[in-house]
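Single-structure report; data block below.
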Amino acid sequence: MIILINTLVFVIVFSIMEFAAWWTHKYLMHGMLWILHQDHHNKNHHHFFEKNELFALMFAVPSIIFIIIGTQTGLDKVYFWIGSGIAFYGAAYFFAHDVFIHQRIKLLRNVNIKYFKALRRAHKIHHKYLTKENGESFGFLWVPRKYREDLNISK
């Protein structure tokens with residue numbers, strides 16, 4: 001029973017992270033913290049890392065804290081699974097966003113899977129805006145219907 005509860009906690013936290021990432025992206029990154037996110041939209045910089053990487057650290061810190069607390073109190077404790085859900089979302093985000101979409105590591109260049117095509121399309125639309133205003137498609141792993149429709153994957 002405890003395995004089922006821990007798995008459920010992990011899946012719920014992972015899912016909530018998509019909403020948290022969307023909200024953070026729309027209202028903080030494209031709001032008062034634009035100064036940290038701006039270089040991600042403007043590729044005129046000549047350095048590998050962007051100020052935008054600080055957001056990954058902001059999400060990593062609570063994950064690490066939860067995992068440490070969970071391991072010190074036993075792996076059956078909910079804290080470990082909360083931290084793991086956040087960490088696995090971060091890993092999924094990294095592979096989808098940094099590796100697949102932005103090709104910061106040259107892998108998965110010619111993937112021909114409809115979901116990934118829609119994900120790439122939604123993110124390209126997001127990046128057509130070079131300012132913090134008028135943006136769209138702020139999610140990272142969930143692809144809004146309008147970017148899936150003409151690929152026949154709207155369901």
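This table checks each residue for (1) in contact with a Pro (Cβ under 8 Å, 6 or more places away or on another chain); (2) among the hydrophobic types (A, V, I, L, M, F, W, C); (3) farther than 23 Å from Val9 by Cβ.
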site	(1), (2), (3)
Leu36	no, yes, yes
Ser63	no, no, no
Ile82	no, yes, no
Phe95	no, yes, no
Phe100	no, yes, yes
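Just one of the numbered conditions (1) over 18 Å from Pro62 (Cβ atoms); (2) buried (at least 18 other Cβ atoms within 10 Å of the Cβ) is not true of Thr24; which one?
Just one mismatch for Thr24, condition (1).
Name every residue in region 22-64 that is hydrophobic (A, V, I, L, M, F, W, C), over 21 Å from Ala91 (Cα atoms) and touching a residue at least 40 places away in the same chain (Cβ under 8 Å), in order of residue number.
Trp34
Could you check region 1-16 and list, in sequence order, the residues that are in contact (Cβ under 8 Å) with a residue 60 or more places away in the chain and either touching a Leu at 6+ places or on another chain (Cβ under 9 Å) or part of a loop (DSSP other than H, G, I, E, B) (or both)?
Selection gives Asn6 alone.
Can you name every residue in region 14-53 that is aromatic (Phe, Trp, Tyr) and within 12 Å of the chain's Cα centre (by Cα)?
Phe14, Phe19, Trp22, Trp23
Rule-based calculations on the coordinates, nothing more; no lab input. Remember, predicted model here, so these are calculated numbers, not experimental data. Heads up, the Cβs are rebuilt from the backbone with ideal geometry, glycines too, and the neighbour counts pull from every protein chain shown.
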